[in-house]
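First up is the structure itself, then whatever we jot down about it.
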Protein chains: 2
Amino acid sequence: MHNITIKFPRNPRNVYVGINTLSQFGETLGAHKVGKKGLLITNATISKLYARVIIESCQNVGFTVDILELPEGEQYKNLTTIQTILDKLVENKLERKDFVLALGGGVIGDMAGFAAAIYLRGINLIQIPTSLLAQVDSSLGGKTGVNHAKGKNLIGSFYQPIFTFIDLATLKTLPQKEIRCGLAEIVKYGVIQNPRLFNYLEQHASQIKAEQYTQDLEIWEYLVLQSCTNKAYVVAKDEKESNLREILNFGHTLGHAIETAFEYTYYSHGEAVAIGMHAACLIAVQQGLLAPNIQQKIATLLLNLGFNLSIAPIQAKQIETLLFSDKKVKDGKLRFVLPTKIGKVIVSNEVPAVVIHEIITSLIEEQK
Amino acid sequence: MHNITIKFPRNPRNVYVGINTLSQFGETLGAHKVGKKGLLITNATISKLYARVIIESCQNVGFTVDILELPEGEQYKNLTTIQTILDKLVENKLERKDFVLALGGGVIGDMAGFAAAIYLRGINLIQIPTSLLAQVDSSLGGKTGVNHAKGKNLIGSFYQPIFTFIDLATLKTLPQKEIRCGLAEIVKYGVIQNPRLFNYLEQHASQIKAEQYTQDLEIWEYLVLQSCTNKAYVVAKDEKESNLREILNFGHTLGHAIETAFEYTYYSHGEAVAIGMHAACLIAVQQGLLAPNIQQKIATLLLNLGFNLSIAPIQAKQIETLLFSDKKVKDGKLRFVLPTKIGKVIVSNEVPAVVIHEIITSLIEEQK
């Protein structure tokens, strides 16, 4: 099992990455200072696959773990579900030293993490992400939360898990369309700070894109390890998202607007982020920050990994209105993360609205 | 205006203490780096008294401040009211750099603080406590939260205000029974770490207890300044309540159980804490930790300040059951903060249950 350390100044946290390691979870937990009782939070689908092996491995080393299955889907990611989790934690009389296990994808991790953050003002949390997106992104860095009727992730906390436990074998049961969600983030780490990872993606694109994508889990182990190391570096330097962490938004500002404009049904997060990254590269070229051949190289990789880089028919204005209501807008100014070469980005709030408009318009497909 | 600094290792925070200073609030806010928009959260009673002067002082220096009045009373301190606050923050499109002003007593401070903590994962918060209890205790140290149907303050965050602004003139409109609430905490600081404060209380007991207790606001300025300085020292050393901060629970473990046993109607928080401190002193004497004459000195001060030190008729068992379900119980063991002299306490988890039982029983009045 590989072990990455997120070097927070006061409390460094570990990320364990391995293949077929779930049965060792209890042992790993036992090496940390936690209470005897825990609550495993998951959903029915994931519960059937992995809850038993985790709970048994915990029981083998003397822990008592109860289970709570949440309803599935982003539409339940709200304060009502948080209340359900809190009721269960109160009912089980968990103390601060006890623990919450968040087993699942990003939605489970965000909700279980947020409930753990606010129950008794913070109980021990362990993230066990089972989707590629959660493994390379959402389970690291401590962002937790739920949606508000008026917008995604408007309510939440920064709350660090005591450790994150990643078993790549869980990717075997992941629907292939969800792989693409995580893949966009991996490309992101390559572009913003890891040229070696970018090259590896170029070299292994056909295997990664293949129907039998989990045949060689070691490819995924490399991708996840590199991604976690990159993210760990950034969040350790900027836990509360005041500065450096902003580079992780590469492709996300426009990506979120596209997701929302299509009401979260047409584009997955990763598909929208891929278009967002492509658009950011085009903006960077227009601003004279990026060489056109590098922009081409990034677009080619995205296409080779199976991403579509145009936007389905829509009014550009719909996307632009959403863009300017993003929660990261500062004093009404949009901030764009723009690459200057593979492995290096800058943040600019000087992209003229007209340039944004032109590039969005150029990416929108014509109505057939 | 006095200025106390809470020396958190990364982000020191100020506490401004003065008399008739509310009209200078906007100016003070302007000296901090915050956005242009804010939401003042209060209740109808306090709004009538102080909202206008604060909002005008903010407008005078260019801020825009909207107001939200919450329903009054501990029974509304729940997630439903938090949702109301969040809806208003979303509706007003406040950004992370913008601010929430919590104007009122502990309930307002806890709820506005918690909403500020979880909106966009944390927006700027300023506490403007108007009750003595909030001024010397709850507005400092960053504890925020709401009640769960099954227990008080089970849900919340540690979240520090960017500063705390205390105008002692607000005590003039405080019902005298609420003075006692804060007074118990002031005695606590004297006993746990401030012998000079303890002496000052002894010398000024008659003025403090008097009907016209706010005639000399400078007495209260001294008491609040000393208390804030003491609390600032403790919370700065232990922001997340892992160790030193535990001494602030002097009198509170039993105090909470008494409050709950009488369903929060018979005893105010301060009255219950006074009994809790008295009981802790008796336990300390029984354990050979405290000289009987010092215990007498503490009991005399509490009586001179108007506290009743016996418990109204009840079954001891009712209190004891609640004692052992406190959220600070560790591995089923009760931890008591026990004084060894004026200004010094230790924490013990070795008080036998039978001693606790005897002392509680001895304090319960006989049914008339």
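The values are calculated or read from the model by the stated rules, or taken from the named source; none is laboratory data. Every value quoted in this text rests on a predicted model; they were computed, and no experiment measured them. Ideal geometry is used to build each Cβ from the backbone, glycine not excepted, and the neighbour counts take in all protein chains shown. When the accessible area is computed, the model is the full protein with side chains, heavy atoms only, and any ligands, DNA or RNA have been set aside. Shrake-Rupley method; radii C 1.70, N 1.55, O 1.52, S 1.80 Å.
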> Within the set of pairs 6+ apart or on separate chains, which have a first residue in region A:10-22 that is under 18 Å from A:K172 (Cα atoms), a second that is of a type in the set (S, T, Y) and open to solvent by less than 60 Å² (accessible area, probe 1.4 Å), and C-beta atoms under 8 Å apart?
Replying inline: A:L22/A:Y50; A:L22/A:S57; A:L22/A:T170
> Tally time: how many residues in region B:307-329 are within 14 Å of another protein chain (Cβ to nearest Cβ), among the polar types (S, T, N, Q) and in a helix (DSSP H, G or I)?
Replying inline: 1
>> If a residue must be crowded, with 24+ Cβ neighbours inside 10 Å and more than 11 Å from chain B (Cβ to nearest Cβ), how many such residues does region A:111-130 contain?
In response: 10
> Any residue at all in region B:296-306 that is in a loop (DSSP other than H, G, I, E, B), open to solvent by less than 60 Å² (accessible area, probe 1.4 Å) and either of a type in the set (V, I, T) or without any contact (Cβ under 8 Å) to a residue 60 or more places away in the chain (or both)?
Replying inline: no
> Tell me, which residue of region B:139-178 that is in contact (Cβ under 8 Å) with a residue 40 or more places away in the chain, in contact with a Ser or Thr (Cβ under 6 Å, 6 or more places away or on another chain) and within 14 Å of chain A (Cβ to nearest Cβ) is farthest from B:N78 (Cα to Cα)?
Replying inline: B:Y159
> Is region B:261-269 home to any residue that is among the polar types (S, T, N, Q), in contact with a Cys (Cβ under 9 Å, 6 or more places away or on another chain) and farther than 24 Å from B:Q203 by Cα?
Replying inline: yes
>> Condition first: buried (at least 23 other Cβ atoms within 10 Å of the Cβ) and of a type in the set (G, A, S). Now tell me which residues in region A:239-253 satisfy that.
In response: A:G251
> In region B:6-18, which residue that is of a type outside the set (F, W, Y) and either in a strand (DSSP E or B) or surrounded by 16 or more Cβ atoms within 10 Å (Cβ to Cβ) (or both) is nearest to the other protein chains (Cβ to nearest Cβ)?
Replying inline: B:R13
> Out of region A:81-107, which residues are within 18 Å of A:T170 (Cβ to Cβ) and open to solvent by 10 Å² or more (accessible area, probe 1.4 Å)?
Replying inline: A:G105, A:G106, A:V107
> Is at least one residue of region B:97-104 within 12 Å of chain A (Cβ to nearest Cβ) and modelled with pLDDT under 95?
Replying inline: yes
> Just checking, how many residues over region A:25-65 are within 24 Å of the chain's Cα centre (by Cα) and either free of Cβ contacts under 8 Å to residues at least 24 places away in the same chain or part of a helix (DSSP H, G or I) (or both)?
Replying inline: 12
>> Suppose we keep only residues that are of a type in the set (S, T, N, Q) and farther than 19 Å from A:C281 by Cβ within region A:191-211. Which one would you say is most open to solvent (accessible area, probe 1.4 Å)?
In response: A:Q203
>> Quick check on region B:159-190: of everything there that is open to solvent by 30 Å² or more (accessible area, probe 1.4 Å) and within 20 Å of B:L49 (Cα to Cα), which residue is modelled with the highest pLDDT?
In response: B:K172
> Here are some residues: B:N78, B:N3. Which one is touching a Phe, Trp or Tyr at 6+ places or on another chain (Cβ under 6 Å) and either within 12 Å of another protein chain (Cβ to nearest Cβ) or open to solvent by 20 Å² or more (accessible area, probe 1.4 Å) (or both)?
Replying inline: B:N3
> Only one of these conditions is not met by A:W220: (1) aromatic (F, W, Y); (2) open to solvent by 60 Å² or more (accessible area, probe 1.4 Å); (3) not in a loop (DSSP other than H, G, I, E, B). Which number is it?
Replying inline: (2)
